[in-house]
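Here is the structure we will look at, set down as structure tokens.
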Amino acid sequence: MNESLVQRVDLEKAEHLTLIVGLSCRNLRGFIFMWVNIFSFIWSTKKAAGCTEILPGVIGPFSILLVSYWETPRDMVRFVKSPAHLRWMEFIYKHPRSLSLFNETYGRPQRANHINRPRGYAASLINSQQGRQK
């Protein structure tokens, strides 16, 4: 492989977090809610202060995986308290058998390599590192 295509990100001073959320429909009510609301949720996450990127993945017609990257823990907590996020939590509270949900939060990775296009952590870190070099 052409080594010039591989970008390695310096993560030594990064404070970023990764949030992984998985959603699965358990009945028709959950299916309808998820597909009617998922695009506005992705858009709200993408626009949230401190979110550097969100990568949605459709696992199948009944399951979605969202990976989002946050500049600081404070930014992520602020989003968790936002109306967009609270609407989902309210639905799950009112209809506990309609959706399955999991979330996991991780600190910065030990290593990140990107080929052809920086994503995830690299989306913001490479730009900020290039800005300091100028």
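The values are calculated or read from the model by the stated rules, or taken from the named source; none is laboratory data. Please read all numbers here as calculations on a predicted model, not as lab measurements. When we count neighbours, we look across all protein chains shown, and the Cβ atoms used for this are built from the backbone with ideal geometry, even at glycine.
Given the criteria modelled with pLDDT under 95, over 18 Å from Met76 (Cα atoms) and either surrounded by 19 or more Cβ atoms within 10 Å (Cβ to Cβ) or aromatic (Phe, Trp, Tyr) (or both), does Val21 qualify? Here the answer is no, as Val21 does not meet what is asked.
Among residues of the stretch 47-58 that are in a strand (DSSP E or B), those with a Cβ under 7 angstrom from a residue that is surrounded by fewer than 18 Cβ atoms within 10 Å (Cβ to Cβ) and among the small types (Gly, Ala, Ser), sequence gap 6+ or separate chain, pair up as Thr52/Ala123; Glu53/Ala123. Only one of these conditions is not met by Glu15: (1) modelled with pLDDT of 85 or more; (2) part of a loop (DSSP other than H, G, I, E, B). Which number is it? Glu15 satisfies all of (1) modelled with pLDDT of 85 or more; (2) part of a loop (DSSP other than H, G, I, E, B) except (1). Answer yes if at least one residue in the stretch 80-92 is in contact with a helix residue (DSSP H, G or I) (Cβ under 6 Å, 6 or more places away or on another chain), modelled with pLDDT of 85 or more and polar (S, T, N, Q), and no otherwise. No, that holds for no residue. In the stretch 24-50, the residue that is nearest to Ser98 (Cα to Cα) out of those that are aliphatic (A, V, I, L, M) and loosely packed, with under 15 Cβ neighbours inside 10 Å is Leu28.
Counting only residues that are crowded, with 17+ Cβ neighbours inside 10 Å and more than 16 Å from Asn37 (Cα to Cα), the stretch 76-107 holds 2 of them.
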